[in-house]
Amino acid sequence: MLVTAVKTTDQGGHHGLSFLIVERGEGVRSSALEKLGWHASDTAEIQFEDAFVPEENLLGQENGGFYLIMANFQWERLLMALGAVGAMKVAFERTREFALQRQAFGKPIAHHQVIRHKLAEIAVTVEAGRDVTYAALRRYVAGEDAAREVTIAKLATQRSAFDVIDTCLQIHGGAGYMKEYGIERAARDARLGPIGGGTDEIMKEILGRSLGL
Ligand SMILES: Cc1cc2nc3c(=O)[nH]c(=O)nc-3n(C[C@H](O)[C@H](O)[C@H](O)COP(=O)(O)OP(=O)(O)OC[C@H]3O[C@@H](n4cnc5c(N)ncnc54)[C@H](O)[C@@H]3O)c2cc1C
């Protein structure tokens, strides 16, 4: 079963979209796409050809799909921010432990100032990302308009998560490149963040407009 946003009028832009549930079967073909990360979640190209959709498979209002998409975006973006904060925190904790154990030039690498500073910077990024994300979450849960805060939270966490995890990978040295440590997977998975759910560029456009720019 597929939930789809379908053009149901010939109006341009985002107008005339409806949500339809399409059953898999005749007229529906899909082929999985190979990708960098997120291997636990399939992404596919889906083709529809004369696929029959009964009237009761309309979700929400006819031609009202865009509003559903917009409403869903806030939660999706917030969820991505929360996920990025969690991913950064796990990567930081694992890397901190690794850096305290791994010895180079007669002492744990965590005791080399350059590594200690990198970990200190990561701690600041995680803390700041968590605070803006929780602020957005509080507004969202209170039922207030959280669009600006959610946009800020997504922008503050997605590229950061990738950068933080990449730095963690670097601190792991060659081990970080190995699947065994899980950091390479975390880095691959984090790369989707600045793209999915609205790219960082689009987030900046939305935020810019909300700032009257
Ligand atoms: C693994 C994966 C899973 C996904 N899952 C879903 C899903 O479940 N549901 C769903 O709806 N979508 C999903 N997407 C789609 C995703 O939301 C889009 O890929 C993303 O929004 C970017 O759109 P695009 O790929 O069409 O890029 P484009 O819109 O072609 O953008 C290409 C580049 O141009 C930039 N750009 C575009 N417009 C502007 C502008 N006005 N100003 C400045 N820069 C601009 C973009 O930021 C980007 O860097 C998924 C994508 C991936 C990779």
Original post:
Where a Cα-Cα gap under 18 Å defines reach, which lysines qualify for K35, not counting those fewer than 8 residues away within the same chain?
Top reply: K179
Subject >> Karplus 3J(HN,Hα) series, Hz, for region 106-115 with 6.51 cos²θ - 1.76 cosθ + 1.60 (x for Gly, Pro) >> reply: x, 8, x, 4, 4, 8, 7, 4, 4, 6
Original post:
log10 I(q)/I(0), Debye, Cα-only the chain, no solvent, q = 0.08, 0.11, 0.12, 0.15 Å⁻¹?
Top reply: -0.40, -0.69, -0.78, -1.04
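Kirkwood-based Rg over Rh for region 1-110 (C-alpha set), two decimals?
Ratio of gyration radius to Kirkwood radius for region 1-110: 1.23.
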Subject >> Only Lys, Arg (+1) and Asp, Glu (-1) charged, at Cβ; region 110-170 dipole about Cα centre in debye >> reply: 60 debye
Subject >> Nearby aspartates and glutamates by direct alpha-carbon distance to K118 (threshold 15 angstrom, same-chain neighbours under 8 apart not counted) >> reply: E93, E97, E127, D163, D166
Subject >> HN-Hα J in Hz across region 75-84 - Karplus 6.51, -1.76, 1.60, θ = phi - 60°, x for Gly and Pro >> reply: 5, 4, 5, 5, 4, 5, 5, 4, x, 5
Original post:
Which value, in nm² and rounded to one decimal, describes the direction-averaged projected area of the C-alpha convex hull of region 2-59?
Top reply: 5.3 nm²
Original post:
Taking H as built 1.01 Å from N, whose amide H comes closer than 5 Å to the amide H of R102, not counting residues under 5 places away?
Top reply: I109
**OP:** Could you go through region 190-203 in sequence order and give the Karplus-derived ³J(HN,Hα) for each residue, using 6.51 cos²θ - 1.76 cosθ + 1.60 with θ = phi - 60°, rounded to whole Hz, and x for Gly and Pro?
**Re:** 5, 5, 5, x, x, 10, x, x, x, 5, 4, 5, 5, 4
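Not counting the cut sites, what is the longest span of the chain without GluC sites (Glu not before Pro) that DSSP labels loop and that have at most 11 other Cβ atoms within 10 Å?
The answer is 50-143.
No lab work stands behind these numbers, since they all come straight from the coordinates. Predicted, not measured: the structure shown is a model, and the values here were computed from it. Note that we place each Cβ from the backbone using ideal geometry, even for glycine, and neighbour counts take in every protein chain shown.
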